[in-house]
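Before any comments, here is the structure.
Just so it is clear, none of the values below were taken in a lab; they were calculated from the coordinates. Remember, predicted model here, so these are calculated numbers, not experimental data. Because the Cβ atoms are built from the backbone with ideal geometry, glycine has one as well, and the counts that use them run over all protein chains shown.
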Amino acid sequence: LSNDEKIDTIKSFQVEASKNLVATYEGQENIVYEDSSKEKHLTVGIGHKLVGDELQKYKKGDEVSQELIDSWFVKDFEIANNAAKKQNKVLTDKGFKPIPEDYLTSLNFQLGINWWDVNSAKTEEGKKKKFKKAWAAFTIGDYKTAKAEMADSTWAKSQTPKRAQEFIDMIPSNS
């Protein structure tokens, strides 16, 4: 194999490992259910939040085909993974260490790709951004504060504490 082929093989392996991490955390459900958030979003498949026309087509308790679940997962994963790459580029362009891409992809998949956006003061539901201070700390290289901000959240304390702690543990020190 040429060096380029070796690099492509490694990247492919890393993407598959990231997909497996996300799928393991999310689990899979073929029946539409309400997620654990206060908003009780309708969800199905591998953590796919129903939006737009999907909300008209599917109701709580409806069964969804494996083919559709797989299709949604490919699209949802790509969105989360691309966001992770962009977020890490912001950090590395400033000379800071990247966050492991598989865990950052998983975070984007779970919390949405705008969890970090300091220019967007509110989520789609009109709530304040949960991790605005954490992202601000990351972007100045203060990973210790970023970790503390993330740990001091409903996400880490009661929503998915094990998953949150595993993410926080994967954040490198930046010293």
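Data overview
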{"item": "Cleavage-rule hits (GluC sites (Glu not before Pro)) in segment 2-54: DSSP loop, at most 14 neighbouring Cβ within 10 angstrom", "result": "E39"}
{"item": "Total formal charge among the other residues, if their Cβ is under 12 angstrom from that of K86, Lys/Arg +1 and Asp/Glu -1", "result": "-1"}
{"item": "Of K132, K38, K157, the one that fluctuates the most in a GNM where the chain has Cα springs shorter than 10 Å", "result": "K38"}
{"item": "Length gained when the stretch I10-E29 is fully extended (0.36 nm per residue, less Cα-Cα span)", "result": "3.8 nm"}
{"item": "Extended-chain gain in nm, criterion 0.36 nm per residue less alpha-carbon gap, N3 and L68", "result": "19.8 nm"}
{"item": "Spherically averaged projected area of segment 71-114 from its Cα convex hull (nm²)", "result": "2.8"}
{"item": "Helical mean residue ellipticity (222 nm; -39500 (n - 2.57) per DSSP H run of 4+; nearest 500) of the chain", "result": "-17500 deg cm²/dmol"}
{"item": "GNM result for the chain, Cα springs below 10 Å: residue of S36, S153, S106 fluctuating most strongly", "result": "S36"}
{"item": "Rg(Cα) / (2.2 N^0.38 Å) computed for segment 10-106, rounded to two decimals", "result": "1.22"}
{"item": "Calculated P(r) tail over 26 Å for the chain, as whole % of Cα pairs", "result": "33"}
